[in-house]
Amino acid sequence: MLEIKDLRIRFYTRERDAVGGINLTVNDGEILGLVGESGSGKTVTAMAIGGLLDRAACDVSGQILLDGTDLLTLDSARFRKVRGKTLGVVFQDPSAALDPLMKAGRQAEEALLIHTSMTKKERKAAVLQAFAAVELRDPERVYDSYPHELSGGMQQRVMIAAALVTDPSLILLDEPTTALDAGVQAEILALLKRLNAEKRISMLLISHDLSVVRRACRRVAVMQRGRIVEEGEAEALFSSPAHPYTKRLLEAIPLSRLRR
Amino acid sequence: MKTVFKKAAALALTLLLASFLVFLAFQLIDGDPARTMLGAEATEARVTELQAELGLDKPFLTRYFGWLGGFVTGDFGVSFSSREQVGAILAPKIGVTVTMSLLSFALIVLFGVPAGLFSARLRHPAAVAAQTFFDQLFMAVPPFVLGVGLSWVFGILLKVFTPLEFPSLTADPAGALRYLFFPALSLAVPRAAMTARMLRASVREELNKDYVLASMARGASPRQAEVRHVLKNALPPTVSFLAQTVAELVGGGVIVEQVFGVPGLGGVLVDAIGKRDYPVACTVIVILAFFVILSHAAADAVNLAADPRRRGGEARV
Amino acid sequence: MSDPKVKKAKKHNILLIAGAALTLAVLLFTFVGAFYTPRDPDAMNAAEKLLPPTLNHLFGTDKFGRDIFSRVMKGTLSTVSTALLTVLAGGGVGILAGAVTGYFGGKADAVLTRLGDTVTAFPAVLTALLVVSLLGPGGWQVAIALAVAFIPSFMRVSRVSFAGQRRLPYVISARLQGASHAGVMLRHILPNTLPSLLPALTIGFSNAVLAEAGMSYLGIGVTPPDASLGYMLSEAQGMLALAPWYAVSCGAVLLAAVLGVGLLGEGLKDA
Amino acid sequence: MLKRALAFLLAALLLTLAACGKHEGGKEPDAGADAGRAGENSLVIGVAQDLDESLDPHYAVAAGTREVMFNVFEGLLKPDRNGNLVPAIAESVNVEENGTVVKITLRSGVKFHNGATVTMRDVLYSLDRVRGADGKEALLPALTAIDTVETPSDAELVLRLAEAQPELTSYLTFAIIPADYTEQATKPVGTGPYRFVERVVLERVVLERFDDYWGEKASIERVTFRVIENAEGLLLGLQSGALDLVNHLTVTQAASVDKTKFDLEEGTMNLVQALYLNNAVKPFDDVRVRQALCYGVDRNEILSLAFDGRGTLLGSSMYPAFTKYFDDSLTNYYTYDPAKAKELLAEAGYPDGFEMKITVPSNYQPHMDTAEVLVQLLGKIGVKAKIEPVEWSVWVDRVYTKRDFESTVIGVDASSMTARAMLERFVSDYGKNFINYKNDEYDRLFAEAQNTFDDAQQTAVYKKMERNLTENAASLYIQDLADMVAVRKGLTGLRFYPVYVLDVAALSWDAQ
């Protein structure tokens, strides 16, 4: 369960607030979509939640409560306890987010290595199980192969598995499908929905692409220039958008992709 | 396997080309070995007699292939000036030069790599500027100037070693290493700074890559992320730079050997060139060339092994 | 706006300023030296041998009683001009060769790289001796010898950037519009490779100055009574006990020249 | 942040220093080295050039090799400190029948370094080898004057000459070596006070005291000649304790030697340094131009500028230490007179001077310094000179042999203790007349000298030849260079010879 209360973030090198006081809640087992054009502050928000902001370069105020604990008050050591354990993150470009010189299996294990005292065999078993969960065919071969030997889709599945493996209470997905081509995109979104349904893991899906959010999320929040302009059930929002900005975003989607 | 064979053939071809160019160079430079050896007073008859003895009267190509034939079979011929087997003259000297170069290389890695890693983490602009200033400062010091300074400070004042009294490598290895430390250091300092600079640039580049963020997102501390992921990715460009440095070390050593009176290949080369002692000069140059090319090949091999992408054959680059 | 933390980002290119200032100082020192020196650099004076620095001899005097300051001015001129010539010649040919091998690849690439390896394996000392004995001693002869020795390093840099640029879309589209190979290379690729070539040129200059100093140490290619920084440095080294200021002054100017250009190169790269 | 970086580097440096320090235990610091060598009764001498070619005494021509091997080889006669030839392997040498017969009696019981005793067979073997009687080319052409060689007994040798040769005895210093011993080149054997131990090319030559030496035994047991080809290295070696003695230092180098540890001895190099002019090349084919240069250059300026006033001026091709033939009246034949110099130049058609090139071997610093000063001094009479430094091998090839030069600064020394060695060179048809000096009167005088058997008369003719060279300004004769020798305190017995030798046998460490 994630609650964001009046989150405000300002970078020293720019006058305008990157995030101008937003409130957002991701209930247990829910997939919330956060949508907005680039520069709307959605990625900064994600970085703030993940604690990956360079605190020396900006002012942060407000609260980010994950299962009741305010992440902003944690010092880096205690925040590290959270990251990868109760909070998983999946990045946009899987090929860049994977260390080219390290086998996929060992990277997926990393969270377990840091947060648990599992033996190497136990970790491998857990990862293979996660690989199966994300529908990777032949998990053993994927475990032993290098990132460049896997397709884009498989790489993203490895990333998702890496986030899943420690049973986090929330997974943060920053544009998870943008770098993938259309066909694979659909598979990954379907996978996310199935994982959410089966494992009741709440997810915050961040994207600039309304059609992606529409297909995967039950509730959606629209962000513009650091503020949330509209929030509500996906269906209602897409059929009768209230805020003019949301209307414009909807018109921008080519009709063909709007079909369910 | 095919690539290794192709690499070896290329290496041999370059060595051949280098040796031919050296022989040609000596053909063009003034100064006649026989006359230089016999000194100004020698009579014409004596000079021509010696020229015949040394085979200098034979045409250029026969001499070249004669020497090459000998070289390939390990017989480096006889030195014009001291009538000793070239192999015998060079044997003790190669050891000294190789030891000095390796010691220098170790110092470069010992100073360069940690400095590079440490400075990569510096964020504060003033620190970054200072770091670059020190790099440039160390890079701007010519080895022979540093050499003179070191031999005065550590040789004359602190008496850590006795300049110009080089203990033989075989008889007193510890003393020899202590002596060689200083020429090695004067060669190493500018190159260590270059290595640090090169490594810092590539570490910084890798630090900005997403996979570091991904690793931290899994709970790794910046230090852990760096050790586990960044180092391996940042090394390849530095390794090929280090290989090129080994090549420069072998060449650069010539001058530093003079400053410290180290009986290495450098001294022999300069003397042989002065005396137009072709067999010695050509052999030394080919040996130096061999080290240079070997270090390049070694670098490629290391990079290839370290990078699965290229090893797999489907080179994405 | 004057928020302290914001200003921090501006200080970053202090390198550029320091580098430019130092290089400018050295260039000024050299440029003035070409026309005016406080004393006649070659005038000897038996009464004023090996004097420490004083007001009328800022850097003291050498073993012939000549004013070291004036000689360092002239010396810097010859060292800087040799280094510049080396970088222009070596750089020019090197970049061109690199461009050809990078752009066309194939046989030209193999041959030229092979040649490049051979030249690197060839000790610069011998090239210098060869050139000097064929063309006589002197500054520009040393420059040619050093240029030959420097070609491979420039070639490597330009080859990498040309090979990299060759496949980029903007090159292909230019070709499609009928631009000739040479046209594409000159108008399109070269300007794009400048950022990576510039540091190579500045490093090349610093290395050329250091190499010239090394050559003079071995007494190659220098014709007294005019002298280069390197020659004076090697001469000063012999009198370290008697006249340490001689080595210090030459060393300082040499350091300033190399450091200045080095910092400039770094500053430009980050700018 | 920055402080930590500096601290780190400093720590690393100290760490390595400490590592070096640890090794220190074994050898006490340098001061010990001095006492060490005196204690071990050994000596290390720094030499600027490696002994090149073979060490075979009959082939070795380079002065540096002769200087060192003087301690290993001896001839029938041997030069002493004053330049006289004293009996060595020969007990006595008598010239009879006005110079056409030389009777030599051998000293008995002289031992070679390999333990064998010197026999007449060895003497004859050595004699035939140098006079070319063994079919090969004569190594000492002067000895071809010997017609027949007789050995009335094992200890007596009689040389009969076709015609009188007063200077023949001075050539009897050629080394006597064991007959049929083939390894002289790499493992020389002689009869001298020191035995050859080992040689490492470009590093060192080691000699050891020969205890069965027939004459007065040497004092120091082991002598190492360390080859240090770079001038700065020699000074560093002295300062660091690596070397005990270095000779042929230039004046500037001598000035920077540490006076608390070393004494500075001054001798002469026994050579004629001059600005040698190629008489076959314009404008030096005109005697007035050559004389103008002699008038126009103040040689005292050269000494004061480049040599701290040391060195002895000379006026012709003879060095002062050779007192028998040196004519001091020629030294200042040309007094410094720039006006007369300009006048002569105008007369010769060069009112505003001319350009000239001075080719100099770059490895001889004294000659390079002299050339640099000459450029300055010649400038005062409108002569624009440029220096062309060349490597030694190029100088020997291009200047000395092919005579492709305008002017050069070099020192000419005598390979044997004879006036002929210094004067024959300028006879017009002599092979080594590198300055192309052509003067009929000079050639006539030389022929006359060869035919005068009376020593005093011959000396007078030689002196006329010297005057001829001076009057015709064959070259701009400058000086015999000062030979500065740095000797570590406690080492005594250094003696200067009028020939290019370093007598190590006379050296000894004071009682500590």
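Just a few scattered comments:
- Residue count for region B:149-177 under the criterion of being in a helix (DSSP H, G or I), surrounded by 20 or more Cβ atoms within 10 Å (Cβ to Cβ) and in contact with a helix residue (DSSP H, G or I) (Cβ under 7 Å, 6 or more places away or on another chain): the result is 3.
- Residue check, D:ASP483 modelled with pLDDT under 95, closer than 30 Å to D:LEU249 by Cα and not in a loop (DSSP other than H, G, I, E, B): yes
- Being part of a helix (DSSP H, G or I), closer than 21 Å to B:LEU15 by Cα and touching a residue at least 12 places away in the same chain (Cβ under 8 Å) is true of C:ALA145.
- Number of residues in region B:121-143 that are of a type in the set (D, E, K, R) and either closer than 17 Å to B:VAL262 by Cα or facing chain C (nearest Cβ under 9 Å) (or both): the value is 1.
- Residue match in region A:57-78 (condition: outside any helix (DSSP H, G or I) and among the basic types (Lys, Arg)): no
- Of the set (1) more than 13 Å from chain A (Cβ to nearest Cβ); (2) at pLDDT below 85; (3) under 30 Å from B:ALA130 (Cβ atoms), all apply to B:ARG197 but (2).
- Filter result (more than 8 Å from every other protein chain (Cβ to nearest Cβ) and among the polar types (S, T, N, Q)) within region B:210-243: B:THR238, B:SER240
- Residue in region D:413-432 that is out of contact with any Gly (no Cβ under 9 Å at 6 or more places or on another chain), open to solvent by 30 Å² or more (accessible area, probe 1.4 Å) and aromatic (Phe, Trp, Tyr) present: yes
- Scanning region B:168-181 for residues that are within 22 Å of the chain's Cα centre (by Cα) and either under 21 Å from D:ASP244 (Cβ atoms) or facing chain D (nearest Cβ under 9 Å) (or both) turns up B:SER168, B:LEU177, B:ARG178, B:TYR179, B:PHE181.
- In region B:270-290, the condition of being more than 14 Å from chain A (Cβ to nearest Cβ), open to solvent by 10 Å² or more (accessible area, probe 1.4 Å), touching a His at 6+ places or on another chain (Cβ under 9 Å) and under 30 Å from B:VAL148 (Cα atoms) is met by no residue.
- Those residues of region A:116-135 which are in a loop (DSSP other than H, G, I, E, B) and closer than 28 Å to A:ARG80 by Cβ, in sequence order: A:THR116, A:SER117, A:MET118, A:THR119, A:VAL134
- Among residues of region C:10-32, those that are modelled with pLDDT under 80 and either surrounded by 12 or more Cβ atoms within 10 Å (Cβ to Cβ) or not in a helix (DSSP H, G or I) (or both), counted: 5
- Reported count of residues in region B:176-216, each being without any contact (Cβ under 8 Å) to a residue 12 or more places away in the chain and not charged (D, E, K, R), is 5.
- Among the conditions (1) under 22 Å from the mean Cα position of the chain (by Cα); (2) at pLDDT 90 or above; (3) not charged (D, E, K, R), the only one that D:ALA414 does not satisfy is (2).
- Selected residue (criterion: most open to solvent (accessible area, probe 1.4 Å)) from residues of region D:129-155 that are over 20 Å from D:PRO166 (Cα atoms) and of a type in the set (Asp, Glu): D:ASP154
- A single member of C:ARG187, C:ARG175, C:ARG167 is charged (D, E, K, R), touching a His at 6+ places or on another chain (Cβ under 9 Å) and more than 24 Å from C:ALA83 (Cα to Cα), and it is C:ARG175.
- Looking across region B:9-20, the residues that are at the interface with another protein chain (Cβ under 7 Å from one of its Cβ atoms) and crowded, with 20+ Cβ neighbours inside 10 Å come down to B:THR14, B:ALA18.
- Filter result for A:GLU135 (on the phi > 0 side of the Ramachandran plot, free of Cβ contacts under 8 Å to residues at least 60 places away in the same chain and either open to solvent by 40 Å² or more (accessible area, probe 1.4 Å) or within 14 Å of another protein chain (Cβ to nearest Cβ) (or both)): yes
- Looking across B:LEU110, B:LEU146, one residue alone is within 14 Å of chain C (Cβ to nearest Cβ), over 30 Å from B:GLN51 (Cβ atoms), open to solvent by 20 Å² or more (accessible area, probe 1.4 Å) and modelled with pLDDT of 85 or more. It is B:LEU146.
- 1 or more residues crowded, with 24+ Cβ neighbours inside 10 Å and out of contact with any strand residue (DSSP E or B) (no Cβ under 8 Å at 6 or more places or on another chain): qualifying helices (runs of 4 or more DSSP H) within region C:156-271: C:190-217, C:229-238, C:244-270
- Restricting the first member to region B:69-80 and to residues that are over 19 Å from B:LEU50 (Cα atoms), and the second to residues that are open to solvent by less than 50 Å² (accessible area, probe 1.4 Å) and part of a loop (DSSP other than H, G, I, E, B), the beta-carbon pairs closer than 6 Å and six or more apart or on different chains are B:GLY70/B:GLY77.
- Close pairs from region C:26-55: first within 14 Å of another protein chain (Cβ to nearest Cβ), partner assigned to a loop (DSSP other than H, G, I, E, B) and modelled with pLDDT under 85, Cβ under 6 Å, at least 6 apart: C:ASP42/C:PRO225; C:LEU50/C:LEU242
- Any hit, region A:33-46, residues being more than 14 Å from chain B (Cβ to nearest Cβ) and in contact with a Cys (Cβ under 7 Å, 6 or more places away or on another chain): yes
- When the residues of region B:53-87 are filtered to those that are within 23 Å of B:LEU294 (Cα to Cα) and assigned to a helix (DSSP H, G or I), the one that is farthest from the other protein chains (Cβ to nearest Cβ) is B:GLY69.
- Identification of helices (runs of 4 or more DSSP H) wholly contained in region D:286-375 with 1 or more residues that are buried (at least 19 other Cβ atoms within 10 Å of the Cβ) and β-branched (Val, Ile, Thr) yields D:287-296, D:299-307.
- Subset of region D:159-184 that is of a type in the set (S, T, N, Q) and open to solvent by 10 Å² or more (accessible area, probe 1.4 Å) - its residue that is nearest to D:ASP147 (Cα to Cα): D:GLN165
- Residue in region C:110-125 that is within 30 Å of C:GLY33 (Cβ to Cβ), open to solvent by 10 Å² or more (accessible area, probe 1.4 Å) and in a helix (DSSP H, G or I) present: yes
- Of all residues in region D:383-412, those satisfying the criterion of being under 18 Å from C:LEU135 (Cβ atoms), open to solvent by 10 Å² or more (accessible area, probe 1.4 Å) and in a strand (DSSP E or B) are D:LYS386, D:GLU388, D:PRO389, D:VAL390.
The values are calculated or read from the model by the stated rules, or taken from the named source; none is laboratory data. What you see is a predicted model, and the numbers here were worked out from it, not measured in a lab. A quick note on method: Cβ atoms are made from the backbone with ideal geometry, for glycine too, and the neighbour counts reach across all protein chains shown. All accessible areas refer to the heavy atoms of the entire protein, side chains included, with ligands and DNA or RNA removed. Shrake-Rupley method; radii C 1.70, N 1.55, O 1.52, S 1.80 Å.
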